[in-house]
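Before any comments, here is the structure.
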Amino acid sequence: MKIAFVFPGQGSQSVGMMAGYAGLAQIDETLRAADVALGAPITAMMADGPSEALNITTHTQPAMLAADVAVWNAWLAAGGPQPSLLAGHSLGEYAALVASGSLDFASAMKLVKARSHAMQDAVPAGIGGMAAVLGIEADLLAQVCEQASEGEVVSCCNLNAPGQIVIGGHKTAVERAMALAKAAGAKRALLLPMSVPSHCELMRPAAEAMAQALNQAHFQPPKIAVLHNATVDVAGDAAAIRLVLAEQLFKPVRWIETIDKMAMQGVTHIIECGPGKVLAGMVKRIAPGVTCLSLADKASFDAALIQVCA
């Protein structure tokens, strides 16, 4: 058995998402530490909403980091085995770095707060957009985006699973690409409720702003290898980690390649560490031969612990 952990990012949040972990003391301890690090009660919003507030990028990102790390801490406290590899989907990469020992939790919370504000500030509200496009190959969709751009930005942002790709850029260009993708054979194209077009060229100003915050943060060499979104490779030292985290903002999330690489390196079990089962669904489509488990609540947490410790 060779285990990898993956951490979800923006999109897995929901009001009350930590309620199902009742009985795991480390959850509450970590959430309290998150509030202290932020200097604001993000955990109250996680518990009580409203959802409109939680879904704002500047709230979602710190909330998801806190949730992911809380579940990781609970796993360690329960005697769960350490994974051989780590990865995080977009924002989840910060949780992976905390789990690797490269970044302390309080610093990660502050960096993610800075990240969310840099992203929100990079593109005025209403200018950007993202859409999920289903049932079309990545190469063909890239050609569709190039045709749809007409001097604006639109590109493949999240290569999530075969036939499941998110595009993003200027909202008008995204809408053109959606229509062209359907004409090219896509089964569905759905505009997502996100005003910040992550992982495309519109985020380059955010990356420049984020580089300054990253340069002030202290990183240790990871004790567990982290596969990064932008490179599908490890970054062995602080300088390399800072660079890849900045570039992550305007480069695509290469999730299919990440899971494929885990499988090629002999991973037999991939565990999604955080609320929801979004990544688990992707993993099953990418690598059906790998056992995929989730820690979405205490019941699934306990079941996964039993399975990998048997």
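The values are calculated or read from the model by the stated rules, or taken from the named source; none is laboratory data. Everything numeric in this text was worked out from a predicted model, so none of it was measured. We place every Cβ from the backbone using ideal geometry, glycine too, and count neighbours over all the protein chains shown. Calculation scope for accessible area: heavy atoms of the full protein, side chains included, ligands and nucleic acids excluded. Shrake-Rupley method; radii C 1.70, N 1.55, O 1.52, S 1.80 Å.
Quick rundown of the values:
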read-out: Helix axis angle, 204-216 relative to the chain longest principal axis, alpha carbon, degrees; value: 30
read-out: Peptides ranked, highest mean first, by Cβ atoms within 10 Å: ranges 250-262, 200-212, 93-105; value: 93-105, 250-262, 200-212
read-out: Loop GluC sites (Glu not before Pro), segment 148-192, which have at most 13 other Cβ atoms in a 10 Å radius of their Cβ (DSSP); value: GLU150
read-out: Separation between Cα centres of segment 211-269 and segment 127-157, rounded to whole Å; value: 24
read-out: Under 19 Å from the Cα of LYS182 - aspartates and glutamates, other chains or at least 8 residues apart; value: GLU137, ASP139, GLU146, GLU150
read-out: Computed over segment 113-241, Cα set: Rg, Dmax in Å; value: 16.3, 49
read-out: Within the accessible area of segment 196-265 (1.4 Å probe), percent carbon and sulfur; value: 53
read-out: Translational D in µm²/s for the chain (Stokes-Einstein at 20 °C, 1.002 mPa s, Kirkwood Rh from C-alpha pairs); value: 111
read-out: Cα centroid separation - segment 41-80 against segment 1-39, whole Å; value: 5
read-out: Long-range tail of P(r) for segment 72-185 (Cα pairs > 17 Å, %); value: 64
read-out: Angle between the chain longest axis and helix 238-247 axis [Cα atoms, degrees, rounded to 10]; value: 40
read-out: Rounded tilt (10° steps) of 138-149 against the dominant C-alpha axis of the chain; value: 50
read-out: Kirkwood-Stokes translational diffusion coefficient of segment 1-105, alpha-carbon pairs, 37 °C, 0.692 mPa s, µm²/s; value: 237
read-out: Reach of LYS284 by Cα under 18 Å, taken over lysines that are not fewer than 8 positions away in the same chain; value: LYS2, LYS261
read-out: Taking the chain and dividing mean pair separation by its residue count, relative contact order in percent (alpha carbons under 8 Å, at least six apart); value: 23
read-out: Mean Cβ count within 10 Å, highest first, over the residues of peptides 117-126, 54-63; value: 54-63, 117-126
read-out: Probe 1.4 Å, protein heavy atoms only - accessible area per residue of segment 1-152 in square angstrom; value: 37
read-out: Cα principal axis extents for segment 172-310, largest first, Å; value: 52, 44, 29
read-out: Charge dipole (the chain, unit charges on Cβ, about Cα centre) - positive-most of LEU293, ASN229, MET45; value: LEU293
read-out: Surface per residue (accessible, 1.4 Å probe) for segment 238-310, Å²; value: 39
